[in-house]
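Any read-out appearing in this document is the output of simple, stated calculations on the displayed coordinates, not a laboratory observation. Every value quoted in this text rests on a predicted model; they were computed, and no experiment measured them. Glycine gets a Cβ as well: all are built from the backbone with ideal geometry, and neighbour counts include every protein chain shown.
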Amino acid sequence: MTTAAPRLRPRDAASLVLFDRSGSETRFLMGVRAATHLFMPGHLVFPGGRLEPSDVALARRLPVEDAVAQRLMCGSPRLSSSRRASALALAAIRETQEETGLLVAERGSLPAMPDAWAAFVTAGAVPSPRRLVPFARAVTPPGLPRRFDARFFLAPAESVLEHTKPIVPPTDEFETVIWVGSTELRNYRVAPVTELVLEAAFARIDNGTDRDADAPIAYFRRRREGHATEYL
């Protein structure tokens, strides 16, 4: 008799989609996940991860704009406060620093920063969640060893603090970190949901709504016939 896999509740998570338009084509900061990971090993993904208590603690002092918080909370009953919505933007920034070394921040300081944000303190910087715009959401389908309710944020490459020193892979998170354009994507393993997020990012950038917090968020969910897209 086969035991059914437990139905895991998705954990709140966030990813940062940094884009660079300085060259001949738009490029995105992405990384190849280490082969030892249970979740999407060897796949090209955006930096990101689950929401942590330190993100919620810092969100009290670094909230996102009200319009951004309301957009994030739309269709998310478990996201019951603007503070937790702000924490998602901070989680995307923290995970990007931890996985790539890049700081989406401004020069300055805050007293009593949580330990998870030590790299920002050392750099004399304060994270900049208001530079992020939510544009996509995806929920990992049941049956996988990890499940996330992931929100994706857009931010231009110039949001990265000057003279930030990137981490040189391989690390325990990424085997490779790369600024990748559409012509190079075929060289990597890319999950269908990542392709959908990339399409949504290209669309927002191309139509000039990459800074529009009021634009609908594309919501990707897995159905029997494939991914279904709704707008929040």
Inter-site label distance for residue 167 and residue 66 at 7 Å from Cα along Cβ, in nm: 3.7 nm
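If you filter region 146-207 for GluC sites (Glu not before Pro), then keep DSSP loop positions with at most 14 other Cβ within 10 Å, what is left?
Numbers: sites: 158, 162, 173, 175, 184, 195, 199; in loops: 162, 173.
In loop regions of region 146-207 (DSSP not H, G, I, E or B), the sparsely surrounded GluC sites (Glu not before Pro) are 162.
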Residue 20-residue 184 pseudo-label distance in nm [points 7 Å out on the Cα-to-Cβ vector]: 0.8 nm
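What are the DSSP H helices in the chain that stretch 24 Å or more along their long axis, judged by alpha-carbon atoms, and whose average Kyte-Doolittle hydropathy comes to at least -1.0? Each step should come with its number before you reach the end.
Values: long enough: 82-100 (27 Å, -0.49).
Helices meeting the criterion: 82-100.
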Give me the one-decimal nm value for the distance between modelled label points at residue 36 and residue 175, 7 Å along each residue's Cα-to-Cβ direction. 1.4 nm
Using Cβ contacts closer than 10 Å as the measure, can you line up 137, 189 from fewest to most? 189, 137
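Please state the charge dipole magnitude for region 11-231, taken about the Cα centre, from unit charges on C-beta atoms (+1 on K and R, -1 on D and E), reported in debye and rounded to the nearest 20.
That gives region 11-231 a dipole magnitude of about 660 debye.
List 219, 231 from most exposed to least, where exposure is judged by having the fewest other Cβ atoms within 10 Å. Don't skip to the answer; put the middle values down first.
Details: 219 19, 231 10.
Lowest to highest Cβ neighbour count: 231, 219.
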Order of 217, 178 from fewest to most other C-beta atoms within 10 Å? 178, 217
Projecting each Cα onto the charge dipole of the chain (Lys/Arg +1, Asp/Glu -1 at the beta carbon, about the Cα centre), which of 79, 23, 152 comes out farthest on the positive side? 79
Explain nothing, just compute: Karplus ³J(HN,Hα) = 6.51 cos²θ - 1.76 cosθ + 1.60, θ = phi - 60°, for every residue of region 133-141 in order, whole Hz, x for Gly and Pro. 10, x, 9, 8, 8, 8, 10, 4, x
Given 4 °C and 1.567 mPa s, how large is the Stokes-Einstein diffusion coefficient of the chain in µm²/s, with Rh as the Kirkwood radius over Cα pairs? 72 µm²/s
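With +1 assigned to the C-beta of every Lys and Arg and -1 to the C-beta of every Asp and Glu, and no other charges, what is the dipole magnitude of region 60-177 about the Cα centre in debye, to the nearest 20? Let's see the in-between values first.
On the way: 15 positive and 13 negative charges, 123 e Å.
Computed charge dipole of region 60-177: roughly 600 debye.
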